[in-house]
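J.: I'd like to ask you about the structure that follows.
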There are 2 protein chains.
Amino acid sequence: MATSLMNHQIRLAARPTGLPTRANWQVTDEPVPALADGDVLIKVLVLSLDPAMRGWMNEGKSYIPPVGIGEVMRAGGIGVVIDSKNPAYQVGDHVTGTMGVQTHALVPASEMRRNGLAKIDAKAGSLTQWLNVLGMPGMTGYFGLMDVGQPKAGETLVVSGAAGAVGQTVGQLAKILGLRAVGIAGGKAKCDWVVDELGFDACIDYKAGPIKDALRQACPNGVDIYFDNVGGEILDTVLTRINRKARIVICGAISQYNNTTPVKGPSNYMSLLVNRARMEGIVVFDYADRYPQAIAEMAGYLRDGRMKSKEDVVDGIDTFPETLLKLFNGENFGKLVLKVADA
Amino acid sequence: MATSLMNHQIRLAARPTGLPTRANWQVTDEPVPALADGDVLIKVLVLSLDPAMRGWMNEGKSYIPPVGIGEVMRAGGIGVVIDSKNPAYQVGDHVTGTMGVQTHALVPASEMRRNGLAKIDAKAGSLTQWLNVLGMPGMTGYFGLMDVGQPKAGETLVVSGAAGAVGQTVGQLAKILGLRAVGIAGGKAKCDWVVDELGFDACIDYKAGPIKDALRQACPNGVDIYFDNVGGEILDTVLTRINRKARIVICGAISQYNNTTPVKGPSNYMSLLVNRARMEGIVVFDYADRYPQAIAEMAGYLRDGRMKSKEDVVDGIDTFPETLLKLFNGENFGKLVLKVADA
């Protein structure tokens, strides 16, 4: 029984303007309640920190409701079942789902579906890989590339945030499919890793200055697919290099999430007309029915070494407020993971 | 023989900044040369004035090369063959093609294809209808809606520039297909005409103030297809009302063509992500192979009264510099046509 356990939580105290600070968060400790029929109690092991979290902190309609003031901050993660009154889950099962930024997650039967709770096969990949290429970022990259990007061998793909969780998946998958893969990332270390370790054909360091000339050199045949995680000036520059019938996958716009001024729309969007090109959004949840087959495919690539992954693991739930900021200043190197407890 | 004929021409003298003025044009008169083998000489009757012309006056790569300084301004139009050394064309044939802003067009055999020269069936519609619903604007509306917009009965379509050449085609076609059609146009007279004569379900007067509230009222079920001819604030506002899996057809951005500041990109483009929506460009020339079947379909709608058309005909080639501006201040009511000569 887990009734004497304390749950340590980080809650949204106030909506941020610009970058979130400590003042936006509230730390609470409360006892884990007794389990009702159907409940599952999970000890949280690792949490996924994602750019989308910044959006969840804002008021207003989006693809999911915002986190309410006073609520535990939403976060996907992986944990281990430590108590269960639900026949579908046994103590010791590893599960993925919406854990929240807390040490313990109690999921009632009625919330299982909305939570996205699911058992994982801890042998298919490490726990951090289950948050990366086998998790939401991997699924986002997979379906964004496959369904929205519609890749064809011989084409050129460009992906921003190339060293990030989604970017590493997208570029490696493009290489497996026979495309030229060009990354955009911040700093020489990330760019070197993307080329040397992940096997991208080129990677452009956006911190070294405007990307225009480097993009032209890296994409001698133009750009057929641009997988955009960043928005802003980079999106605008890539729009000047797209080919006829190019596909631009809108996955994120991390450069704009902490704006205190209005979002910068892509001034060069009329390139879509000139090039009969398409810009289309992807939300991974739409593909939930197809996760199992995609995970199996990705696990195969991990096994045979055609896909690598990198996670940037920071230890300690109480570092959450500062760790989250690593995403927005580009400090994280690989998928950003917050370690909450030892497995 | 036509060798003593004089050709009266309007040439691009200088590239404009912002709205073109008289200083951007040069009027020339030159004798029509003797015909070589394969040549066709056409007396120009009517010319199509289109927003795209503003783009052709700019330097730089687009979907077709710019008009060169000193060249006769490019314009589509309709004329009658008055001399021919080409067996495919007889004196008296009515033809459509790239006439240029001039009284006479001499088309050599080698240029026929690039010119787009083709005979028209003057019984299928009036000459001005052949520049409107049966011409490039009609084809743009047809393929933009059908192929890019992918309309389904019961959906809601919004089209800007609703009283213009493309807009009137798109909205009427949407009604024929069983969609709710909502126009956006400038001024009460145009809006009334769009609803009362063309049968749109509603039309929003953008000159009456911000369209936000009116758009919400006119589209109680949101927007499934937005056919955009204008860009700017209107595009941004419609982006706030789109449904899941919406299609935004990028056909033009007339609000931005005379900018002396950078184009305003759509700040709300992340609505594409939230709604898994798509924004895609249309260039009519890609569909040239399918014009005949589309023209036949549209001619049928004209015949049976399901489609109406309105042209705004201005008389006199020398009015061209001022007449063109009617497009950019929204003065034209219906497809803008320049009459060059009597049929």
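Residue by residue, here is whether (1) open to solvent by 10 Å² or more (accessible area, probe 1.4 Å); (2) part of a helix (DSSP H, G or I); (3) under 30 Å from B:V95 (Cα atoms) holds:
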| residue | (1), (2), (3) |
| --- | --- |
| B:P137 | no, yes, yes |
| B:T140 | yes, yes, yes |
| B:L157 | no, no, no |
| B:G167 | no, yes, yes |
| B:K175 | yes, yes, no |
| B:A181 | no, no, no |
| B:P210 | yes, no, no |
| B:I225 | no, no, no |
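J.: Could you list, in sequence order, all residues of the range A:153-169 that are out of contact with any Phe, Trp or Tyr (no Cβ under 6 Å at 6 or more places or on another chain) and closer than 12 Å to A:A181 by Cα?
T.: A:A153, A:G154, A:E155, A:T156, A:L157, A:S160, A:A162, A:G167, A:Q168, A:T169
J.: Are any residues in the range B:212-223 of a type outside the set (K, R) and either part of a helix (DSSP H, G or I) or open to solvent by less than 30 Å² (accessible area, probe 1.4 Å) (or both), and if so, which ones? Explain how you work it out, then say what you get.
T.: Kept after step one, since they are of a type outside the set (K, R), are these residues of the range B:212-223: B:213-215, B:217-223.
Matches in the range B:212-223: B:D213, B:A214, B:L215, B:Q217, B:A218, B:C219, B:G222, B:V223.
Per-residue answers, yes or no, for (1) closer than 21 Å to B:G164 by Cβ; (2) open to solvent by 20 Å² or more (accessible area, probe 1.4 Å); (3) at pLDDT below 95:
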| site | (1), (2), (3) |
| --- | --- |
| B:M279 | yes, no, no |
| B:R290 | no, yes, no |
| B:A294 | yes, no, no |
| B:M298 | yes, no, no |
| B:M307 | yes, no, no |
| B:V313 | yes, yes, no |
| B:D318 | no, yes, no |
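J.: Of the conditions (1) assigned by TED's automatic domain parsing to the domain that holds B:A218; (2) touching a residue at least 60 places away in the same chain (Cβ under 8 Å), B:D196 satisfies every one except a single condition; which number is it?
T.: Exception for B:D196: condition (2).
J.: A further question follows. Being of a type outside the set (S, T, Y), in contact with a Gly (Cβ under 9 Å, 6 or more places away or on another chain) and at pLDDT below 95 narrows it down to one of B:V195, B:V182, B:V230, so name that one.
T.: Working: B:V195 fails: at pLDDT below 95; B:V182 fails: at pLDDT below 95.
Step by step, each of B:V195, B:V182, B:V230 is checked, and only B:V230 is of a type outside the set (S, T, Y), in contact with a Gly (Cβ under 9 Å, 6 or more places away or on another chain) and at pLDDT below 95.
J.: Being polar (S, T, N, Q) and open to solvent by 40 Å² or more (accessible area, probe 1.4 Å) is the filter here; which residues of the range B:117-128 pass it? Full working, then the answer.
T.: Narrowing the range B:117-128 to residues polar (S, T, N, Q): B:126, B:128.
Answer for the range B:117-128, where residues must be polar (S, T, N, Q) and open to solvent by 40 Å² or more (accessible area, probe 1.4 Å): just B:S126.
J.: Specify which of the listed residues (A:G79, A:G70, A:G18) is in the same structural domain as A:K326 (by TED's automatic domain parsing), farther than 25 Å from A:D121 by Cα and open to solvent by less than 20 Å² (accessible area, probe 1.4 Å).
T.: A:G18
J.: Related question: Under 7 Å between Cβ atoms, which residue pairs at least 6 apart in sequence (or on different chains) link something in the range B:113-125 that is in the same structural domain as B:S84 (by TED's automatic domain parsing) with a partner that is in a loop (DSSP other than H, G, I, E, B) and open to solvent by less than 100 Å² (accessible area, probe 1.4 Å)?
T.: B:K119/B:D93; B:A124/B:L134; B:G125/B:L134
J.: Which one of these does A:G252 not meet: (1) of a type in the set (G, A, S); (2) free of Cβ contacts under 8 Å to residues at least 40 places away in the same chain; (3) under 26 Å from A:M53 (Cβ atoms)?
T.: Failing condition for A:G252: (2).
J.: Considering only the range B:324-339, how many residues are part of a helix (DSSP H, G or I) and surrounded by fewer than 22 Cβ atoms within 10 Å (Cβ to Cβ)? Outline the logic, then answer.
T.: In the first step, residues of the range B:324-339 are kept if they are part of a helix (DSSP H, G or I); the result is B:324-328.
Still in the running and surrounded by fewer than 22 Cβ atoms within 10 Å (Cβ to Cβ): B:325-326, B:328.
Matching residues across the range B:324-339 total 3.
J.: Identify the residue in the range A:95-113 that is open to solvent by less than 50 Å² (accessible area, probe 1.4 Å) and among the β-branched types (V, I, T) and, among all such residues, is nearest to the chain's Cα centre (by Cα). Reasoning before the result, please.
T.: Going residue by residue through the range A:95-113, those that are open to solvent by less than 50 Å² (accessible area, probe 1.4 Å) are A:95-97, A:99-105, A:107-108, A:112.
Narrowing further to those that are among the β-branched types (V, I, T): A:95-96, A:101, A:103, A:107.
On the way: A:V95: 18, A:T96: 14, A:V101: 16, A:T103: 21, A:V107: 23 Å.
Residue satisfying both the conditions and the ranking: A:T96.
J.: A further question on this structure: Right, A:G199: in a strand (DSSP E or B), of a type in the set (G, A, S) and in contact with a helix residue (DSSP H, G or I) (Cβ under 6 Å, 6 or more places away or on another chain) or not? Let's see the steps before the verdict.
T.: On the way: in a strand (DSSP E or B): no; of a type in the set (G, A, S): yes; in contact with a helix residue (DSSP H, G or I) (Cβ under 6 Å, 6 or more places away or on another chain): yes.
The answer is no for A:G199.
J.: So, one more: Can you name the number of the only condition in (1) modelled with pLDDT under 95; (2) over 16 Å from the mean Cα position of the chain (by Cα); (3) open to solvent by less than 20 Å² (accessible area, probe 1.4 Å) that A:L272 fails?
T.: Among (1) modelled with pLDDT under 95; (2) over 16 Å from the mean Cα position of the chain (by Cα); (3) open to solvent by less than 20 Å² (accessible area, probe 1.4 Å), A:L272 violates only (1).
The rows are residues; the columns are (1) over 21 Å from B:D342 (Cα atoms); (2) of a type in the set (V, I, T); (3) out of contact with any helix residue (DSSP H, G or I) (no Cβ under 9 Å at 6 or more places or on another chain); (4) modelled with pLDDT of 95 or more.
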position	(1), (2), (3), (4)
B:N58	yes, no, yes, no
B:I69	yes, yes, yes, yes
B:M112	yes, no, yes, no
B:A162	yes, no, no, yes
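J.: Another question about this same structure. If you scan the range B:62-79, which residues turn out to be among the aliphatic types (A, V, I, L, M) and assigned to a loop (DSSP other than H, G, I, E, B)? Quick ask: steps written out before the conclusion?
T.: Here is the first cut: in the range B:62-79, the residues among the aliphatic types (A, V, I, L, M) are B:64, B:67, B:69, B:72-73, B:75, B:78.
Within the range B:62-79, B:I64, B:V67, B:I69, B:M73, B:A75 qualify.
J.: Look at the range A:83-94 and say how many of its residues are open to solvent by less than 60 Å² (accessible area, probe 1.4 Å) and among the hydrophobic types (A, V, I, L, M, F, W, C).
T.: Count: 1.
J.: Continuing with this model, one more query. Residue check, B:W193 against (1) open to solvent by 10 Å² or more (accessible area, probe 1.4 Å); (2) among the aromatic types (F, W, Y); (3) within 14 Å of another protein chain (Cβ to nearest Cβ), all met but one. Which one?
T.: Here B:W193 meets the rest and fails (3).
J.: While we're on this one: Take A:G76 and tell me if it is within 14 Å of another protein chain (Cβ to nearest Cβ), within 19 Å of A:Y257 (Cβ to Cβ) and under 21 Å from the mean Cα position of the chain (by Cα). Don't jump to the end; show me each part of the working.
T.: Numbers: within 14 Å of another protein chain (Cβ to nearest Cβ): no; within 19 Å of A:Y257 (Cβ to Cβ): yes; under 21 Å from the mean Cα position of the chain (by Cα): yes.
So A:G76 does not fit the description; no.
J.: Which members of the range A:145-179 meet the condition of being more than 12 Å from the chain's Cα centre (by Cα), farther than 10 Å from A:I225 by Cα and not aliphatic (A, V, I, L, M)?
T.: A:D147, A:G154, A:S160, A:G171, A:Q172, A:K175, A:G178
J.: Assuming A:A214 fulfils every condition listed in (1) more than 15 Å from the chain's Cα centre (by Cα); (2) under 28 Å from A:A296 (Cβ atoms) apart from one, which condition is it?
T.: Unmet for A:A214, out of (1) more than 15 Å from the chain's Cα centre (by Cα); (2) under 28 Å from A:A296 (Cβ atoms): (2).
J.: Mind checking which residues of the range B:31-56 are in contact with a helix residue (DSSP H, G or I) (Cβ under 9 Å, 6 or more places away or on another chain) and either in a loop (DSSP other than H, G, I, E, B) or farther than 25 Å from B:W130 by Cβ (or both)?
T.: Within the range B:31-56, B:A36, B:D37, B:G38, B:D39, B:L49, B:D50, B:P51 qualify.
J.: Just name the residue that is nearest to the other protein chains (Cβ to nearest Cβ) out of those in the range B:245-295 that are among the charged types (D, E, K, R) and assigned to a loop (DSSP other than H, G, I, E, B).
T.: To start, the set of residues in the range B:245-295 that are among the charged types (D, E, K, R) comprises B:245, B:247, B:264, B:276, B:278, B:280, B:286, B:289-290.
Keeping just the survivors that are assigned to a loop (DSSP other than H, G, I, E, B) gives B:264, B:276.
On the way: B:K264: 7, B:R276: 5 Å.
Looking at residues that are among the charged types (D, E, K, R) and assigned to a loop (DSSP other than H, G, I, E, B), I get B:R276.
The values are calculated or read from the model by the stated rules, or taken from the named source; none is laboratory data. Computed from a predicted structure; not experimentally measured. We place every Cβ from the backbone using ideal geometry, glycine too, and count neighbours over all the protein chains shown. The area values use the complete protein model at the heavy-atom level, side chains included, leaving out ligands, DNA and RNA. Shrake-Rupley method; radii C 1.70, N 1.55, O 1.52, S 1.80 Å.
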